[in-house]
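Notes follow the structure.
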Amino acid sequence: MAETSPRTMPEGVAISLRGLTKTFGDLTAVDHIDLDVKRGEIFGLLGPNGAGKTTTISMLVTIRPISDGKALVNGFDVSKEPHKVRASCGIVFQEPSIDTTLTARENLELHARLYGVPKPVRRQRIEELLALVDLKDREDSLVKTFSGGMKRRLEIARGLLHHPPIIFLDEPTLGLDPQTRQYIWQYIERLRKEMGTTFVLTTHYMEEADRLCDRIGIIDHGKIVALGTPKELKDFLGGDTVVLQMANPPLDAFKALPFVSKVDVREGAVWLSVEKATANLPRIFQAAGAEEILSVEVRRPTLEDVFIRHTGRSIRQPEADAGEGWFGQVMQYTATSNR
Amino acid sequence: MSEIEGLYAIWLREFKVFQRERSRVISAIAQPIIWLFLLGGGIGASVDPDKITGSYQAFLFPGIVAMSTMFGTVFYGLYIVWDRKIDVLKEILVAPISRITVFFGKVLGGATDAMITAAIILVLGVALVGISPVGVLTGLGIALMLAVGMVSIGLTLGAFFESMEGFQVIVTFMIFPLFFLSAALYPLAGLDPAMAAAVRANPVTYAVDAMRGALIGQSYFPIALDLLVVGLFDVVMVLVGTWAFRRMKL
């Protein structure tokens, strides 16, 4: 494994991008991205369709040549040492790339051999992963008989099989049922904990990004428009909102509170923009004094809100008018998934 | 070491796919037999018996073995186009093995398919046209040499084509002249000079000639020359194929 050890990058950095650019004719799909992903980090790339997520990943796994800039993956330059980059990576593609003429087990064995997983480890790891993605009872069935969701699960198992230091997951849990998604999240976290594996994933599921990712980069029109931990990104929106239902709100008392930045009255309720709402709730109640509070609601900004703020649209919105290609495949997945 | 493991992995995958496609195996065996009886029977009736020794069917048989080998192997390149279309190729191309290994794995896979069909046809030839068991073995060796070069051509073309239709048109356009100019169906002696020159320029001719020498003891050129030409053809095609695979895009 000496070949896959890090080099030429500061300790603790798994992926380093400087001015990474990809152009297709006049179109700039990826526009001078600078980014460092730390070792052992779970990094999420969020963005609407056509934002450049998949193109970025394709360049990092050496499928597409880069147009400009520099990308180091596990210390290896993707343009100069593609072979070593590939040996350092595991990839779960957005489009299915499972061989349907082979059985589930044969697909995993093929992958293990291609990636030089030693024989004694191979069998045990294949068992472990088949169990993880719940395909143990179908291991000897040809993949062509599988549903879309089953193929997806097998694909994930395959990407994790050779325990690479860096794993790229392009929309990994698309079309999977909530339970399987939970399992896969747990396995990702376990691999990170036990092996220090770095993950880069793209996803459309906000709760997935929020729950799983240490840091998130929001990408739009080929540029990273926001970068930070889920909490940082949400805090950037200005904290929480407390909605109070009350007959005679003491608006001036609320405005006087140091942690309240804004007071609004609409829809028959008082809307307070508040820092650390849960911690400050008792003080809000004190400020209300003798006035009766009928109901209280604390709203936290979601990543969805962050996304809308930075890209000007909802992450799910572009899906509605995407006709074919990417979206068609997504729909196929969802439609053929029996779970 | 991992390159060898990778080579084996690719070969094994190709072999399993071949095994599972029964129709491919059956047609690969049925087609030569149809040619042997229908073409051999029909044309054989009107062939001048002074021009060839023995029956026309026996004369035709080595050419049919060569035909089966060359058609099966060139069209094998179609699987590369297909694998790329359904994204299976991506898994292999992003693996940490060299493109050269991928190419040789595919060559081995295609050659194995061709060897299995050739072996069955040759064994049938023992019963049909009286080939000796030694002939079966040497015939297999020659079929292998022809297969390596022809698989390489198929894979080279497959590396460039994105559509199955485009591949098929070009291969059909190329393979029929190669076959008809190989003297698989007629003797080399007594051709008019232009035709004879074209036949002599075709590397497949030498494989057919060697096959004929090995199976029924009638070769036009010295066997050593035949093997040399086919061997050179293999080397050139393998070099072209590895070049094509190295620059192949997904």
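From the list B:Ser23, B:Ser98, exactly one residue is farther than 19 Å from B:Met164 by Cβ and of a type outside the set (A, V, I, L, M, F, W, C). Which is it? Step through it out loud before you land on a result.
Values: B:Ser23 fails: farther than 19 Å from B:Met164 by Cβ.
Just a single option satisfies the conditions, and that option is B:Ser98.
With the requirement that a residue be in contact (Cβ under 8 Å) with a residue 40 or more places away in the chain and part of a helix (DSSP H, G or I), what does segment A:248-294 give you?
Within segment A:248-294, A:Ile284, A:Ala288 qualify.
What single numbered condition from (1) buried (at least 18 other Cβ atoms within 10 Å of the Cβ); (2) closer than 30 Å to A:Gly116 by Cβ; (3) more than 9 Å from chain A (Cβ to nearest Cβ) fails to hold for B:Pro32?
Condition (2) is where B:Pro32 drops out.
Just checking, how many residues over segment B:66-88 are at the interface with another protein chain (Cβ under 8 Å from one of its Cβ atoms) and part of a helix (DSSP H, G or I)?
Total meeting the criteria: 1.
Can you name every residue in segment B:1-28 that is under 15 Å from B:Ala95 (Cβ atoms), in a helix (DSSP H, G or I) and of a type in the set (A, V, I, L, M)?
Residues satisfying the conditions are B:Ile4, B:Leu7, B:Ala9, B:Ile10, B:Leu12.
Whether any residue in segment B:91-107 is of a type in the set (Ser, Thr, Tyr) and either without any contact (Cβ under 8 Å) to a residue 60 or more places away in the chain or more than 30 Å from A:Ile91 (Cβ to Cβ) (or both) is what I want to check.
Residues of segment B:91-107 that are of a type in the set (Ser, Thr, Tyr), as a first pass: B:98, B:101.
So of that shortlist, the ones also either without any contact (Cβ under 8 Å) to a residue 60 or more places away in the chain or more than 30 Å from A:Ile91 (Cβ to Cβ) (or both) come out as none.
No.
Looking at A:Cys213 and the list (1) surrounded by 19 or more Cβ atoms within 10 Å (Cβ to Cβ); (2) of a type outside the set (A, V, I, L, M); (3) at pLDDT below 85, which single condition is not satisfied?
It fails just one condition, (3).
I need every pair where a residue in segment A:52-65 that is farther than 20 Å from A:Pro165 by Cα and touching a residue at least 24 places away in the same chain (Cβ under 8 Å) has its Cβ under 6 Å from the Cβ of a residue that is of a type outside the set (A, V, I, L, M) and assigned to a helix (DSSP H, G or I), sequence separation at least 6 or different chains.
Listed by first residue and then by second, the contacts come to A:Arg64/A:Ser58.
Surrounded by 19 or more Cβ atoms within 10 Å (Cβ to Cβ) and touching a Phe, Trp or Tyr at 6+ places or on another chain (Cβ under 8 Å) - does that describe any residue in segment A:234-242?
yes
Having 2 or more residues that are under 30 Å from B:Ser132 (Cα atoms) and of a type in the set (Asp, Glu) is the bar; report the helices (runs of 4 or more DSSP H) wholly within segment B:172-250 that clear it.
Details: elements: B:193-201, B:203-216, B:223-246.
So the answer is B:223-246.
Conditions tested, residue by residue: (1) without any contact (Cβ under 8 Å) to a residue 24 or more places away in the chain; (2) more than 11 Å from every other protein chain (Cβ to nearest Cβ).
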| residue | (1), (2) |
| --- | --- |
| A:Lys70 | no, yes |
| A:His83 | yes, no |
| A:Ser88 | no, no |
| A:Gly116 | no, no |
| A:Glu128 | yes, yes |
| A:Val133 | no, yes |
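The values are calculated or read from the model by the stated rules, or taken from the named source; none is laboratory data. Remember, predicted model here, so these are calculated numbers, not experimental data. In this analysis, Cβ positions are derived from the backbone assuming ideal geometry, glycine residues included, and neighbour counts consider all displayed protein chains.
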